[in-house]
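Enquirer: Here it is: the structure, laid out below.
The values are calculated or read from the model by the stated rules, or taken from the named source; none is laboratory data. Quick caveat, the model's predicted, so the values are computed rather than measured. Methodologically, a virtual Cβ is constructed for each residue, glycine included, from the backbone with ideal geometry; neighbour enumeration extends over all protein chains shown. Side chains are part of the model used for accessible areas, which takes the heavy atoms of the whole protein and leaves out ligands, DNA and RNA. Shrake-Rupley method; radii C 1.70, N 1.55, O 1.52, S 1.80 Å.
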Amino acid sequence: MLQSIREHSQGWLAWLIVAFISIPFALWGINSYLSGSSNVTVASVNDVDITLSQYQNALQNYRNRLQAMLGEGFDLNQMDQSALKQDVINGLVEQQLLKQFAHENGMRISDSQLASMIQSLDAFKDKSGQFSQAIYERQLLRSNASPAEFEEQLRVDLVLDQLRQAISGSEFVTDTEKNQYARLLTQKRDIVFVQILADQFKDKIQLSEDEVIEYYKQNKEQFKTKESVKIKYIDLSVDTLAKQVDVTDDILKEYYQSNLDKYTLDEKRIAQHVLIALKPDAKPEEVKKASERAEKIYKLIKSGVEFDDIPQNYEDLLGPEDEVARTGAISKGVMDPEFDEKLFSMKVDDITEPVRTKHGFHIIKLVEIQKAKTSSFDEVREAVENTYRKEQAETKYFEVADELQNLVFENPDSLEPAADALGLKIKESGYFTRAGGKDEITKNPSVIKVAFNPNVLNGANSEPIEISDTHLVVLRVVDHKPAVVKPLGEVQEEIKTILQNEKAKLMAEERGETILKRLEAGVDRDQVAEEFGFEWTVKSAVNRDDPQVKRSILRAAFRLGRPEAGKPVYDGFTDGRYDYAVVGVLAVKDTNIKWTMGDDTVKKAIERQVQQRNSVAWQDFIALLKQKADIEIFSDAL
């Protein structure tokens, strides 16, 4: 299972881990249990609350991922914001349900599995490709996350991935189905088609002035400008204030000395161990049998048998849930208390008698001790400066935010008194609509909503708008352009193009449907072509992915039924926005091919089918959890 997870880590999991170390507390609202910034509940899952802070972090992360996928040029505000919010809260509810299910069913990632996963990640390797404890802790230090916090979140994510693989991996395709796929995918067809382009009719279209005027009258809303505003605003954030904090080496060294514990790597120990696994509710007879096996293994090791030889030479002593593993470098307090206490009382090469923990019996050998080490100031200067700036800025932020709120309230007609008193800059946006603008501020849904609020449109300062826990904006509208219908003279050429296209489309459809009726009446296709002045395109033995035939034509051809001897079957459809196509199938050529491992085309199709079934199985599983759960979503809090 761990190997499977490790292979998957090249995909979503690797992205998730990199996100954690590059965007502090970016994983599914982890900030909520580190900072405790919000007690507002947005949902409840079996009496477990999902907080507003968790939701806000998850929403921002979701938007960030969408922006990364769709590109910086794509305006996320064009999307349905309520649908985005619903996607996020549904995701949080589902994650909580899955966590609860995994916990109730004893699913876990062992300490050795977790250590192995972390040590395999490129983000924590040195130039030689080896895991570096120093790099690992330095990366987490930069993101203000402790190893314990990161490891706990990673443990949860790995368990949920393990659960998904267990549910989704149960689907399969039978050999009979594989052979059916093979025959369908290798089927070939002889086809004919003609594309009736709308453009060929445009020269014949005459538009009257009355038609243009009538269309304009009936569709004025189509030619309305979009309501827009331009704002001035004060942008206050911890990040901005942090850049303004004065620092010197003396200040940073004093901070470093006062917070040495932050820059001290605890003593760590590496051990080999055998786990004879037990469930927490194991019966006395099961505990006795496990204890006896553990004792036998302990005696073998004491007699000189190496840990690594146990699985190969004494597999009869190990059960399916047992493990023989080497831990990574672990600090005190990471393992189970009984394991931890024993490990940190041992000398190198000591071997313990079986130690009972909630997971079972452990036989432990201490392999190495890595002494505690405090990083020098020079080694961590960048991290010290970042942390110092952030702490100072956070303190100042809440003071300035309170003052800003008071000043904009006392001076509702201008931002200048507040900006002058607090030494803040007033910025000005370009025009933006209710769909939002192009920069971070004018894209923000809360900013957009406030900017178009009637009181603000009438000239009042806004209340402070919370972009995040450490970022707020106060704005006022400096210009408002209401939505107005453009004059006819400005849009008449656009209307002519619209009318031309629509009429040309109808003419193409009419021509195509007439051709289709003639063919269905039994008229020879060559005679029909001569009547209407076109030539058929004939293609023999095409498959579903033939690169020489347009995909829409292929899709239509392979949707048609099997023709009887000498009687082609035809169909017509709107091809693209304005054109029309008529397609005929002359013959179907089946193969008797059977699926083989070497057939990449069939293999990929089967993989797609399995993926679809896995997806359905996973969604059905989640639906079942939801059906059995007590779920409440407080939409007003979103």
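Enquirer: With the contact rule set at Cα under 8 Å and sequence spacing of 6 or more, what percent relative contact order holds for segment 406-554? Spell out each step's value before the answer.
Expert: On the way: 100 pairs, mean separation 18.3, N = 149.
12 percent.
Enquirer: Could you give the semi-axes, largest first, of the ellipsoid that matches the chain, computed as the square roots of 5 times the alpha carbon gyration tensor eigenvalues and rounded to whole Å?
Expert: On the way: eigenvalues 678, 406, 80 Å².
For the chain, the semi-axes come out at 58, 45, 20 Å.
Enquirer: Oh, and also: Of K342, K283, which has the most accessible area and how do the rest follow, probe 1.4 Å?
Expert: Values: K342 85, K283 120 Å².
Ranked list, largest accessible area first: K283, K342.
Enquirer: Helix-only mean residue ellipticity at 222 nm, the chain, DSSP H runs n ≥ 4 weighted -39,500 (n - 2.57), per residue, nearest 500. What is it? Walk me through the intermediate numbers first.
Expert: Numbers: 24 runs with 312 residues, N = 638.
Result for the chain: -15500 deg cm²/dmol, rounded to the nearest 500.
Enquirer: To continue, here is another question. When only C-alpha pairs under 8 Å and at least 6 residues apart count, what is the relative contact order of the chain, in percent?
Expert: 24
Enquirer: Nothing charged except the Cβ atoms of Lys and Arg (+1) and of Asp and Glu (-1): what's the magnitude of the dipole of the chain about its Cα centre? Round to the nearest 20 debye. Mind dumping the intermediate values first?
Expert: Details: 83 positive and 107 negative charges, 339 e Å.
Using only the charged Cβ atoms, the result is roughly 1620 debye.
Enquirer: Quickly rank 451-460, 350-359, 483-492, 183-192 as a protection proxy: mean count of other C-beta atoms within 10 Å, highest first. All intermediate terms of the calculation are to be shown ahead of the outcome.
Expert: On the way: 451-460: 14.9, 350-359: 16.6, 483-492: 12.6, 183-192: 18.4.
Those peptides, ordered most packed to least, come out 183-192, 350-359, 451-460, 483-492.
Enquirer: Still on this structure: Would you tell me the accessible area of D122, worked out with a 1.4 angstrom probe on the heavy atoms of the protein chains, in Å² to the nearest 10?
Expert: Accessible surface of D122 is approximately 110 Å².
Enquirer: How big is segment 317-399 in terms of Cα radius of gyration and Dmax, in angstroms?
Expert: 20.3, 65
Enquirer: Semi-axes of segment 443-530's equivalent ellipsoid from the Cα gyration tensor, sqrt of 5 times each eigenvalue, largest first, rounded to whole Å? Intermediate values should be presented prior to the final figure.
Expert: On the way: eigenvalues 689, 82, 13 Å².
For segment 443-530, the ellipsoid semi-axes come out as 59, 20, 8 Å.
Enquirer: I'd like the distance separating the alpha-carbon centroids of segment 82-155 and segment 371-424, in whole Å.
Expert: Using only Cα atoms, the two centres lie 30 Å from each other.
Enquirer: Can you bin every Cα-Cα distance in segment 185-245 into 10 Å intervals starting at zero and give me the percent of pairs per bin, rounded to whole numbers?
Expert: 12, 15, 16, 12, 14, 16, 13, 1
Enquirer: With point charges of +1 on the Cβ of Lys and Arg and -1 on the Cβ of Asp and Glu, referenced to the Cα centre of the chain, which listed residue (M507, Q96, A617) lies farthest in the positive direction of the dipole?
Expert: Final value for the positive-end residue is M507.
Enquirer: Here's a follow-up. Using alpha carbon centroids, what distance separates segment 481-520 and segment 183-241, in Å?
Expert: The two parts, judged by their Cα centres, are 12 Å apart.
Enquirer: In terms of solvent-accessible area of protein heavy atoms at a 1.4 angstrom probe, what is the ranking of K268, K289, highest value first? Don't skip to the answer; put the middle values down first.
Expert: On the way: K268 15, K289 135 Å².
Final ranking, largest accessible area leading: K289, K268.
Enquirer: Could you list, in their original order, any pairs among K505/K604; K202/K486; K230/K496; K85/K628; K425/K486; K268/K302 whose Cα atoms are separated by more than 29 Å? The partial results should precede the final answer.
Expert: Details: K505/K604 38 Å; K202/K486 26 Å; K230/K496 33 Å; K85/K628 24 Å; K425/K486 37 Å; K268/K302 24 Å.
Check vs 29 Å cut-off fails for K505/K604; K230/K496; K425/K486.
Enquirer: Quickly work out the D87-to-N64 label distance, labels modelled 7 Å from Cα along the C-beta direction, and quote it in nm with one decimal.
Expert: 1.7
Enquirer: What are the principal axis extents of the Cα atoms in segment 383-519, in Å, biggest first?
Expert: That gives 82, 42, 19 Å along the principal axes, largest extent first.
Enquirer: Using only Cα atoms, find the angle between the long axis of helix 12-22 and the longest principal axis of the chain, and express it within 0 to 90 degrees, rounded to the nearest 10.
Expert: 60
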